[in-house]
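Asker: Can you read through this structure? Questions will come right after.
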Amino acid sequence: MSSAPQLLTTIVLSTLALACTTNLGSIGESDNFGADAGGEVEPESESESDTETPPTPDPDPDPETNPNPEPDPPPSTANQACYLGVASDNSTCFPVVEISAYTYPAGSGNYSRPTNFLDVDVVDLNTKVSPNFRLGEIAVRAKGKYQVVQPHAIRKLQQLRDSAGHALTVNSGFRSPDYNASVGGATKSRHMYGDAFDVMPGATGRDALMQKCRDLGAGYVAKYANSGHIHCDWRNSALDSEFFGFVSNLLFGEDVWTIYDVQAEMVLEEGVYHVEASGYDETEGELARDWIALDENGNILAEEESMSFVPPVGTHTVQVDVGGLIEVSSHVAVEALTGDAVLAQ
């Protein structure tokens, strides 16, 4: 009778042992509690538990098979100056270099010293910076290795050409301070700042082209003697940061010129008239003098461009236009026999 309970106990214990063995095996597979060949448990990897492996990116699509390729990004404007170009889309760009290339006169605002320059030895001067002008027409190598050509001034020059409706010849664009001094240029000539042009007017004529410059917001416009050109610059416009950095937002500087600065006085010496003028960029050149002699009825007796003038007999009024900047007139009396002119009192 005692053997039956003992057999039952043995069967129960064997069954429990088999169940425990089965459960331990299932726990090890589901919770990653496996052991290596040496019987030591490997620690859980951080990369396996906390991060996911990023998907492998697709290769770049073949441009020939991709029907909608991404457009190229626009060119960066860092460390370069961009111009209208042939297509007028501001995509014609040249590198600029930060260099203390020349000694500029002390100044601030719009007369601040440029900080960046075009190195004309490493750019193609035949490149068109606008539909009608090549860089080499503005930046002549003989006038300096490092040059400033402000993009906003090129836009104005192209607009001037468009308004004239015919080719315009630029006699002078940028001048380095050294070159400017060698030709007797003004101490603070705007040619050194890259926003000034001396232009031959062609069929438009000087007076009409000067007015077109004024209409385009030029800060200083004048016509000079003997050369036939007009000078247009945009000295009162904001400087381009590509060449002047942070001062580009300073619209006006310490030397802003206005037409009210110009003074002119007609002088008669021994029957010959001339004009003494001041208040303009004198060393840019001598302003042209356009003389007219009128009789007492206002009829024109004589016209000429010269630095001095002898009115003909019968002149009642002498008028002179000084560089397109100011006009001076005076009533005169001319002795019938001698032809000597005197200023009327």
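Asker: Using a 7 Å offset from the Cα along the Cα-to-Cβ direction at both Thr127 and Ala181, what is the distance between the two label points in nm, to one decimal?
Answerer: 3.1
Asker: Would you please give the FRET efficiency between Asp207 and Val272, computed as 1/(1 + (r/R0)^6) with r the Cβ-Cβ distance and R0 = 25 Å, to the nearest 0.05?
Answerer: Values: r = 25 Å, r/R0 = 1.01.
Computed FRET efficiency for Asp207 and Val272 comes out at 0.50.
Asker: A further question follows. Straight-line reach only, C-alpha to C-alpha below 18 angstrom: list the lysines that Lys143 could link to, leaving out same-chain residues fewer than 8 apart.
Answerer: Hits, sequence-local ones excluded: Lys188.
Asker: In what sequence do Val262, Val313 fall when counting other Cβ within 10 Å, fewest first?
Answerer: Numbers: Val262 17, Val313 14.
The fewest-first ordering by Cβ neighbours comes to Val313, Val262.
Asker: Expressed in nm to one decimal, what extension gain is obtained for the pair Ala106 and Ala225 from 0.36 nm per residue of sequence separation less their Cα-Cα distance? Walk me through the numbers before you get to the answer.
Answerer: Numbers: separation 119, 0.36 × 119 = 42.84 nm, distance 2.94 nm.
Taking 0.36 nm per residue and subtracting the Cα distance, the gain is 39.9 nm.
Asker: Another one. Tell me, what HN-Hα J-couplings in whole Hz come from the Karplus equation 6.51 cos²θ - 1.76 cosθ + 1.60 at θ = phi - 60° for each residue of region 266-272, using x for Gly and Pro?
Answerer: With the stated coefficients, region 266-272 comes to 7, 10, 10, 9, 6, x, 10 Hz.
Asker: Taking H placed 1.01 Å from N in the peptide plane, check which residues at least 5 places from Ala81 or on another chain put their amide H under 5 Å from its amide H.
Answerer: Residues meeting the amide H criterion: Phe94, Val96.
Asker: Same structure, new question: Would you order Leu160, Leu268, Leu209 from fewest to most other beta-carbon atoms within 10 Å of each residue's own beta-carbon?
Answerer: Numbers: Leu160 20, Leu268 17, Leu209 25.
By the 10 Å Cβ count, ascending, the order reads Leu268, Leu160, Leu209.
Asker: Taking 0.36 nm per residue of sequence separation and subtracting the Cα-Cα distance, how much length would be gained by fully extending the chain between Ser163 and Ile99, in nm to one decimal?
Answerer: 19.4 nm
Every number here is computed from the coordinates shown, using simple stated rules; none is lab data. This one's a predicted model, so the numbers in the text were calculated from it and none came from an experiment. With ideal geometry, Cβ positions are generated from the backbone for all residues, glycine too; neighbour counts draw on all protein chains shown.
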